[in-house]
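Here is the structure we will look at, set down as structure tokens.
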Amino acid sequence: MGASASVVQEYFKAVDYWADIADKEDWKLAIWIAGQNDVDLVDRFLEIERSPVGQFEDIFFRFETPYEGSGDEYTEQLWQEYAGWFSEEVEEKYDIIKALRHDGLLKEEYVPDMSVEHTAANLWKEMLRFKACISGLENACFCIYFPLGQERGLSRTEWFKKVLEEGIPQGIRLTTIDMKKNRSVNLDESPAVIYICPKFDMAAALHNRMARSDTGNDLIAPENRFKQQVSAVMDCTQKQDWKLLDKEIRKLLDVAKELKDTNILTSALFIAAEACYAIREYKHSIKYSDDTIREAEKAMDNGEAAGYSYWKMATSMKAAVLTAEKKREEAIALYEGLAEKAIGQKDPYYVMEGYRMCGFLRYEEGQLNQAFEYFLLALAAGSYLSEEIRRNSTFTYAAYLALHTGRQVRAPIDMEVLEGQLQEWLGEDWKQLVEGPAMQQAKARRKSKIFG
């Protein structure tokens, strides 16, 4: 990447690495193997996923307790930290239960049951009990992040090995960071344990940033103020206060303009769009999505690689808002445009997603013939993905709805052809994947951003 490297571009690499595993169902522990210069970037990515502007469906938590060598003591400390999240003494802005009540998402009251044996397996069960009290998380996992901190130099292998042997239930996932040159977790890769070995160019990105302005630890430097302002915007989404959020977004955009970096400005606009969506200020979310799209198109015209990434995310965001507001024709036009652009970019996943959402919206309207045709286009696009991705992504939802609509509007012989094709794309057990009980509730939904 060299001269064109930027911190924002490296961040979106981290997003892509996680996207490669996000829809896989079997893994229980994902370990990032990072170089010294890359740890902060991975940590920042995981922190953003904990915030309302995270991009993935899973709900991320972070345990701050450092590992100090004793597995049993560590597990006990994790239990105490978990209970502390629900303490009456917790700061209001971190009060999970109050936030859930405010948003109408708490189905029943929840208090941690500290009477059970304090094992890791019981902690995951307790977290799943909490998850069951929250509306809209049926298809999401709790992803628990164990940061690399004071435990450097101490082996965490035995603790993670024991946790895996005790069993991690469906709906819980763990992730951590390990140092490339000083490993603290040495486990064999398996369906349950996967490694992410990112290749970042942070040295070049930081060099380019320094070349523009050597700010060091200057707290008033635009680069540092930008980072602080991103956090300020994220914090505002927890307060559901549009006037306050509007003020902080304006500050963010002012600082971004000072940096004279088009990627930074575009990322700031997209953060603004996501933040407005998080507090249901849909009108403003669309405005900032449009601004992001406009800047991203300029970047694409200038041949900047990051331009398309911003464009597809902002277009998806705007389409999601229109979908939420049931403005189906406008949403379909955007999703169709997304699919067409993705074809030019050789991005089969977004071709599939664009056409899948067009099909879903036509299905909602009862236009089954058009819905079926869109689902076929989505499946054709998904056929360019690996079988593993097809089996663990929204490809299976498109397949379910293609069968559901097709059986109502097409001849049986046509459906036999489709079924044969699904067997080729998904394998011999395709019916279990596509027609199982979970698929009966096939719906397209966005992540519920309830934890900050």
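Brief remarks follow.
- On inspection, residue 164 fails the criterion of being surrounded by 13 or more Cβ atoms within 10 Å (Cβ to Cβ), modelled with pLDDT of 90 or more, more than 18 Å from residue 63 (Cβ to Cβ) and more than 19 Å from the chain's Cα centre (by Cα).
Yes or no, residue by residue, for (1) closer than 19 Å to residue 230 by Cα; (2) surrounded by fewer than 21 Cβ atoms within 10 Å (Cβ to Cβ); (3) not hydroxyl-bearing (Ser, Thr, Tyr):
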residue: 251; (1), (2), (3): yes, yes, yes
residue: 258; (1), (2), (3): yes, yes, yes
residue: 288; (1), (2), (3): yes, no, no
residue: 293; (1), (2), (3): no, no, yes
residue: 303; (1), (2), (3): no, yes, yes
residue: 318; (1), (2), (3): no, no, yes
residue: 323; (1), (2), (3): no, no, no
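- Residue match in the range 358-376 (condition: at pLDDT 90 or above, in contact with a Leu (Cβ under 8 Å, 6 or more places away or on another chain) and in the same structural domain as residue 275 (by TED's automatic domain parsing)): no
- Checking the stated criteria, residue 253 turns out not to satisfy the condition of being in contact (Cβ under 8 Å) with a residue 24 or more places away in the chain and over 21 Å from the mean Cα position of the chain (by Cα).
- With respect to (1) within 21 Å of residue 341 (Cβ to Cβ); (2) surrounded by 24 or more Cβ atoms within 10 Å (Cβ to Cβ), the lone exception for residue 299 is condition (2).
- Counting the residues of the range 134-145 that are of a type outside the set (Phe, Trp, Tyr) and buried (at least 17 other Cβ atoms within 10 Å of the Cβ) gives 6.
- Count - residues of the range 113-140 that are in a loop (DSSP other than H, G, I, E, B) and in contact with a Phe, Trp or Tyr (Cβ under 6 Å, 6 or more places away or on another chain): 2
- Residue 408 vs. criteria touching a residue at least 40 places away in the same chain (Cβ under 8 Å), assigned to a helix (DSSP H, G or I) and surrounded by fewer than 20 Cβ atoms within 10 Å (Cβ to Cβ): yes
- Residues in the range 318-349 that are more than 20 Å from residue 285 (Cβ to Cβ) and in a helix (DSSP H, G or I): 9 in all.
- If you go through the range 22-31 and keep only what is loosely packed, with under 15 Cβ neighbours inside 10 Å and at pLDDT 85 or above, you end up with just 26.
- So residue 295, is it within 29 Å of residue 257 (Cα to Cα) and touching a helix residue (DSSP H, G or I) at 6+ places or on another chain (Cβ under 9 Å): yes
- Considered as a group, the residues in the range 39-76 that are touching a helix residue (DSSP H, G or I) at 6+ places or on another chain (Cβ under 6 Å) and assigned to a loop (DSSP other than H, G, I, E, B) include one that is modelled with the highest pLDDT, and that residue is 63.
- Of all residues in the range 357-399, those being closer than 16 Å to residue 431 by Cβ and either touching an Asp or Glu at 6+ places or on another chain (Cβ under 7 Å) or small (Gly, Ala, Ser) (or both) number 2.
- Residue list for the range 313-350, restricted to those being within 21 Å of the chain's Cα centre (by Cα) and within 16 Å of residue 381 (Cα to Cα): 335, 338, 339, 342, 347, 348, 349, 350
Residue-wise test of (1) more than 23 Å from residue 232 (Cα to Cα); (2) at pLDDT 90 or above.
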position	(1), (2)
258	no, no
288	no, yes
302	yes, no
319	yes, yes
328	yes, yes
333	yes, yes
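Results for (1) hydrophobic (A, V, I, L, M, F, W, C); (2) modelled with pLDDT of 85 or more, shown as yes or no for each residue.
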{"position": "95", "(1), (2)": "no, no"}
{"position": "99", "(1), (2)": "yes, no"}
{"position": "106", "(1), (2)": "yes, no"}
{"position": "116", "(1), (2)": "yes, yes"}
{"position": "130", "(1), (2)": "yes, yes"}
{"position": "138", "(1), (2)": "no, no"}
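The values are calculated or read from the model by the stated rules, or taken from the named source; none is laboratory data. Since we're looking at a predicted model, the values are computed, not measured. Please note: Cβ atoms are built from the backbone with ideal geometry, for glycine as well, and neighbour counts cover all protein chains shown.
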